[in-house]
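Below is one structure, written out as structure tokens, with a few remarks after it.
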Amino acid sequence: MEKTKVAIVTAAGRGIGAAIARELADEYHLVLMSRSPEATHLARELGGIGLAGSVTQHADLRRLVEATMATHGRIDAVINNTGHAVKGDLLEVTDEDWHASLDLLVLNVVRMARLATQQIVNQGGAQ
């Protein structure tokens with residue numbers, strides 16, 4: 001089967017993100033990102049593109065979307081996989097830790113939606 005769809009997977013270097021990428025590899029062209037070089041290695045193995053970057057950095061997410069569009073000209077799926085939120089006793093977790101967790105778990109999804117949704121709408125929606 002010829003692949004026509006394109007998927008972005010974040011935090012795809014190992015664990016759940018890598019498993020998702022492997023599951024999608026037969027049907028989607030993949031563009032993977034993680035803070036470690038592992039996503040680049042996995043992308044190479046699966047015939048995709050891999051970038052080093054963080055879901056908490058808007059510039060890295062923008063670069064991810066731009067690389068996807070430059071290479072494939074479309075986005076059909078975005079999987080916003082992330083790491084873990086701060087752990088600890090409620091009274092010991094600082095405001096800074098809570099903000100970092102929100103950045104990691106919520107704001108990265110909002111940022112990616114802002115970047116990718118218009119591309120998907122422009123192409124007539126996901127196929």
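The values are calculated or read from the model by the stated rules, or taken from the named source; none is laboratory data. Quantities reported herein were computed from a predicted structural model and do not represent experimental measurements. For neighbour counting, all protein chains shown are included, and Cβ atoms are generated from backbone atoms with ideal geometry for every residue, glycine included. SASA here: full protein model, heavy atoms, side chains in, ligands and nucleic acids out. Shrake-Rupley method; radii C 1.70, N 1.55, O 1.52, S 1.80 Å.
Limited to region 102-127, what total is found for residues that are assigned to a loop (DSSP other than H, G, I, E, B), of a type outside the set (Gly, Ala, Ser) and either without any contact (Cβ under 8 Å) to a residue 24 or more places away in the chain or open to solvent by 60 Å² or more (accessible area, probe 1.4 Å) (or both)? Reasoning before the result, please.
Keep residues of region 102-127 that are assigned to a loop (DSSP other than H, G, I, E, B), which gives 123-127.
Subsequent filtering for residues that are of a type outside the set (Gly, Ala, Ser) retains 123, 127.
Filter once more, so that each one left must be either without any contact (Cβ under 8 Å) to a residue 24 or more places away in the chain or open to solvent by 60 Å² or more (accessible area, probe 1.4 Å) (or both): 127.
Count: 1.
For region 58-97, how many residues meet the condition of being closer than 18 Å to Ala39 by Cβ, in contact (Cβ under 8 Å) with a residue 40 or more places away in the chain and among the charged types (D, E, K, R)?
So the answer is 1.
Only one of (1) at pLDDT 95 or above; (2) among the small types (Gly, Ala, Ser); (3) crowded, with 21+ Cβ neighbours inside 10 Å; (4) touching a helix residue (DSSP H, G or I) at 6+ places or on another chain (Cβ under 6 Å) is not met by Ala25, so which one is it?
Answer for Ala25: the failing condition is (3).
One residue is enough: does region 83-103 have a residue meeting the conditions over 20 Å from Tyr28 (Cα atoms) and touching an Asp or Glu at 6+ places or on another chain (Cβ under 6 Å)? Don't jump to the end; show me each part of the working.
As a first pass, look at region 83-103 and keep what is over 20 Å from Tyr28 (Cα atoms): 83-103.
So of that shortlist, the ones also touching an Asp or Glu at 6+ places or on another chain (Cβ under 6 Å) come out as 86.
Taking every residue of region 83-103 in turn, at least one turns out to be over 20 Å from Tyr28 (Cα atoms) and touching an Asp or Glu at 6+ places or on another chain (Cβ under 6 Å).
Testing Arg14 on (1) surrounded by 18 or more Cβ atoms within 10 Å (Cβ to Cβ); (2) under 13 Å from the mean Cα position of the chain (by Cα); (3) farther than 27 Å from Val121 by Cα, one condition comes back false. Which one is that?
(1)
Let me spell it out: the conditions are (1) within 12 Å of the chain's Cα centre (by Cα); (2) within 25 Å of Gly124 (Cα to Cα), and Arg114 meets all of them except one. Which number is the exception?
Every listed condition holds for Arg114 apart from (1).
Can Gly88 be described as at pLDDT 95 or above and at positive phi?
On the way: at pLDDT 95 or above: no; at positive phi: yes.
Against the criterion (at pLDDT 95 or above and at positive phi), Gly88 does not qualify.
Determine which member of the set Ala77, Ala39 is touching a Phe, Trp or Tyr at 6+ places or on another chain (Cβ under 9 Å) and of a type outside the set (D, E, K, R). Even if it seems obvious, please write down each step before you answer.
Numbers: Ala39 fails: touching a Phe, Trp or Tyr at 6+ places or on another chain (Cβ under 9 Å).
Exactly one residue qualifies, and that residue is Ala77.
Just give me the residues in region 28-49 being surrounded by 15 or more Cβ atoms within 10 Å (Cβ to Cβ) and closer than 18 Å to Asn108 by Cβ, in sequence order. Before the answer, list the steps.
Going through region 28-49, the residues surrounded by 15 or more Cβ atoms within 10 Å (Cβ to Cβ) turn out to be 28-35, 38-43, 46, 48-49.
Across region 28-49, the qualifying residues are Val31, Leu32, Met33, Ser34, Arg35, Ala39.
Return yes or no: is Ile8 open to solvent by less than 20 Å² (accessible area, probe 1.4 Å), closer than 26 Å to Gly124 by Cα and not hydroxyl-bearing (Ser, Thr, Tyr)?
Details: open to solvent by less than 20 Å² (accessible area, probe 1.4 Å): yes; closer than 26 Å to Gly124 by Cα: yes; not hydroxyl-bearing (Ser, Thr, Tyr): yes.
For Ile8, the condition - open to solvent by less than 20 Å² (accessible area, probe 1.4 Å), closer than 26 Å to Gly124 by Cα and not hydroxyl-bearing (Ser, Thr, Tyr) - is met.
Within region 61-76, does at least one residue satisfy the condition of being surrounded by fewer than 20 Cβ atoms within 10 Å (Cβ to Cβ), out of contact with any strand residue (DSSP E or B) (no Cβ under 7 Å at 6 or more places or on another chain) and among the polar types (S, T, N, Q)?
Checked against the condition, which is being surrounded by fewer than 20 Cβ atoms within 10 Å (Cβ to Cβ), out of contact with any strand residue (DSSP E or B) (no Cβ under 7 Å at 6 or more places or on another chain) and among the polar types (S, T, N, Q), region 61-76 yields no hits at all.
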